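The structure under discussion appears below in the form of structure tokens.
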Amino acid sequence: MSSEHKYYSVIIKGCYNQENLERSLEKILLRGRLAIKMALNTMPCVIIYKGNVDTIIPIFKALITEYAAITILADGVPPTLPIAKKYRDFSHISPELQALLVDVPENLWLGEAIHRIIPASFLDETGALVVSSHAIYFIDKPAGNTKCRWLIIPYEQLNGSLNLGEQETQLIIHHQDAAGQQNDVFTIPQEFVASAKTSIEQAKLAERYLIKIKTHCITCGYRSENTIAHAPTELHCQHCGKPYQRTITV
């Protein structure tokens, strides 16, 4: 049985153009530019905590326009957990991957379930391919670096099927970002290629990353329920002109 929530929180994991996002959020959130900049500088971070769902549409549009990787949660934010507790098979991955992943900020996984972690290489760097409920992550730490870095491919940005490359160890992920169409080639040990592809396809099909919004006008009774990307963008009812009320359904 679904439940409805009047408040939401947004965890932002990354974005393509931070300056553009700062300008957009400054206008929408009516906060000082410096405060927004300081928050975004700490990504991954909670950018909105328990906002009213009635205001969610323009904020969501601003984030998606800048290809931000986000997780939207109903109500508040759960406590952070180390990845060793979020991924039940953590003890079964290699010691090298364990050492790499324990250095990743725990906020990166906030609001997500981790389905699979496998060794992989991308652009001549070795690391971990992490399949979550909301996105595909590639985590690495180049030689000489003290901090991890990550590439995030949200499922909303996938366009087309996953393909195997000319070599049996290649998985090609097609997605759209601010720079245009990307066809990223990940090299994965042959014994993991098929299961990695299946895990990504199943996670996308489960649609846990999609947020459903119920829009209601208490004056004329108009109702609709859509994913957030397709919910009415107007603040007021097109039928009677009164303000909409919105809830997240989960």
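Summary of values
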item	result
Residues located in the range 120-157, provided they are touching a residue at least 60 places away in the same chain (Cβ under 8 Å), small (Gly, Ala, Ser) and either touching a strand residue (DSSP E or B) at 6+ places or on another chain (Cβ under 6 Å) or not assigned by TED's automatic domain parsing to the domain that holds residue 98 (or both)	120, 121, 132, 135
Residue check, residue 112 surrounded by fewer than 19 Cβ atoms within 10 Å (Cβ to Cβ) and either in contact (Cβ under 8 Å) with a residue 12 or more places away in the chain or in the same structural domain as residue 69 (by TED's automatic domain parsing) (or both)	no
Of all residues in the range 13-47 being among the β-branched types (Val, Ile, Thr) and out of contact with any Leu (no Cβ under 8 Å at 6 or more places or on another chain), the one that is farthest from residue 149 (Cα to Cα)	28
Output for the range 45-81, where each listed residue is farther than 18 Å from residue 211 by Cβ, assigned to a loop (DSSP other than H, G, I, E, B) and either in contact (Cβ under 8 Å) with a residue 40 or more places away in the chain or out of contact with any helix residue (DSSP H, G or I) (no Cβ under 6 Å at 6 or more places or on another chain) (or both)	79, 81
Residues (in contact with an Asp or Glu (Cβ under 6 Å, 6 or more places away or on another chain) and of a type in the set (Ser, Thr, Tyr)) located in the range 1-25	7, 16
Matching entry among 219, 198 (being under 30 Å from residue 55 (Cβ atoms) and either at pLDDT 95 or above or not assigned by TED's automatic domain parsing to the domain that holds residue 93 (or both))	219
Extreme residue, modelled with the lowest pLDDT, among residues of the range 136-177 that are surrounded by 13 or more Cβ atoms within 10 Å (Cβ to Cβ) and assigned to a loop (DSSP other than H, G, I, E, B)	165
Any pair with Cβ under 7 angstrom, 6 or more apart, that starts in the range 2-30 at a residue that is within 27 Å of residue 179 (Cα to Cα) and ends at one that is among the basic types (Lys, Arg) and surrounded by fewer than 14 Cβ atoms within 10 Å (Cβ to Cβ)	22/33; 26/33
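The values are calculated or read from the model by the stated rules, or taken from the named source; none is laboratory data. As the structure is a computational prediction, the values presented were derived from the model and not from experiment. Here the Cβ is made from the backbone with ideal geometry for all residues, glycine too, and neighbour counts use every protein chain on show.
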